[in-house]
Amino acid sequence: MNLDSGQGQGRGTEFKERGFGAALSVSLNLANAPSVRRYPYYHVDLNCGSGWNDNARCEGSPLVFLNEAAKVARPGRIHTFLCDKSGTAIEKLAMHPTVLESGAYCINWDNNEVLPVVSQLIRASEKNPEMAVGSLLLDPNGFLCEKTVPIPSLIKFCRVHPRFDLVMNLNLRVYWMGRPHKFAGLGAWATKLWPSFDLFGEIFSRRHWLISNIRNPGGGDHFVIVIGRNLRAGDHQALGIHHMESDKGQLILDRIERRERNEPAPQLAFGF
Ligand SMILES: C[S@@+](CC[C@H](N)C(=O)[O-])C[C@H]1O[C@@H](n2cnc3c(N)ncnc32)[C@H](O)[C@@H]1O
């Protein structure tokens, strides 16, 4: 199967949710180690949606997380913050039985406002807030640009809470469109960050990175899942998620960069 295999909206979303599930399961299990399992675990979903994907007919990221959390019998409490700027999505999510039972906070804010508040809450309740464990999920339908992702507060949060795992689903179409504008110095584009993937480690203060195969659900969109951690954990070969420094990870990065430079990319014979 090709790296850019056309999957159709449904299968692409399903794959995304399976990728989220695999990544979050690892984070929860790392936080179930004897040295940390008694402490709280914090999960923040910055683009949580309604909990259900109509097109793909599958559960969305909040339920994917809560299902994984239910499988891990850790004694420490799990605090879940689910944020979306859409009131309709949050209203629907908040009524879901699994969400109600979990005690998750459903927050109808712009995500720009959420991270400083969660960080403040952690600092107020933890003796060693820099040791707090958790996960931070970003699924903006775009790339790392200010309208959908609160970049400055995200960078700060990642620095202050190094034991949070970062799980992002990023749209490469937006990346490929935005970066040339930035370097041409065009208008507002020029001032935006548009970090290349090799700078993620430095920007988000994470040492170990995974990247998924590129998936193309149609309509010109191309997505990758990117996972950043400070603890090295396994990859998810069955889902096509590789360590960034591995041969396959490097091939994916090469392909992303070639496309940005409008160079032909070799066809790669591995699939999801
Ligand atoms: C791709 S959808 C999320 C899907 C969800 N993560 C899932 O897996 O089912 C992107 C979501 O981001 C939300 N969003 C976009 N910009 C936002 C912002 N600045 N603050 C909060 N939510 C935002 C949209 O309302 C939308 O629900």
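For segment 190-230, a residue qualifies if it is surrounded by 16 or more Cβ atoms within 10 Å (Cβ to Cβ), among the hydrophobic types (A, V, I, L, M, F, W, C) and not in a strand (DSSP E or B), and the qualifying residues are LEU193, TRP194, PHE197, PHE200, ILE203, PHE204, ILE214. The residue list LEU66, LEU82, LEU46, LEU24 contains one member that is within 13 Å of the ligand (Cβ to nearest atom), under 26 Å from PRO162 (Cβ atoms) and in contact with a Pro (Cβ under 6 Å, 6 or more places away or on another chain), which is LEU82. If you go through segment 51-96 and pick out every residue that is surrounded by fewer than 18 Cβ atoms within 10 Å (Cβ to Cβ) and at positive phi, you end up with 1. When segment 50-63 is limited to residues that are touching a residue at least 12 places away in the same chain (Cβ under 8 Å) and more than 17 Å from CYS106 (Cα to Cα), the one that is nearest to the ligand (Cβ to nearest atom) turns out to be ASN53. When ALA124 is tested against (1) within 29 Å of ALA33 (Cβ to Cβ); (2) within 18 Å of the chain's Cα centre (by Cα); (3) surrounded by fewer than 22 Cβ atoms within 10 Å (Cβ to Cβ); (4) not acidic (Asp, Glu), exactly one condition is not met: (2). Just checking, does segment 201-216 include any residue being at pLDDT 95 or above and of a type in the set (Ser, Thr, Tyr)? So far as segment 201-216 goes, yes, one or more of its residues are at pLDDT 95 or above and of a type in the set (Ser, Thr, Tyr).
Can you report the number of residues in segment 147-164 which are within 9 Å of the ligand (Cβ to nearest atom) and surrounded by fewer than 18 Cβ atoms within 10 Å (Cβ to Cβ)? Here the count works out to 1. Among the candidates ALA31, ALA94, ALA23, the residue that is at pLDDT 95 or above, of a type in the set (A, V, I, L, M) and touching a Cys at 6+ places or on another chain (Cβ under 8 Å) is uniquely ALA94. On inspection, PRO116 qualifies as in contact (Cβ under 8 Å) with a residue 24 or more places away in the chain and either within 15 Å of the ligand (Cβ to nearest atom) or not β-branched (Val, Ile, Thr) (or both). The C-beta contact set for segment 22-49 (first residue under 20 Å from LEU138 (Cα atoms), second residue within 14 Å of the ligand (Cβ to nearest atom) and charged (D, E, K, R), distance under 7 angstrom, 6+ apart or interchain) comprises LEU24/GLU68; SER25/GLU68; LEU28/GLU68; ASN47/ASP84; ASN47/ASP139; CYS48/ASP84; GLY49/ASP84.
The values are calculated or read from the model by the stated rules, or taken from the named source; none is laboratory data. Only a predicted model underlies this, so the values are computations on that prediction, with no experimental measurement involved. Cβ coordinates were reconstructed from backbone atoms using ideal geometry, including for glycine residues, and neighbour counts include every protein chain displayed.
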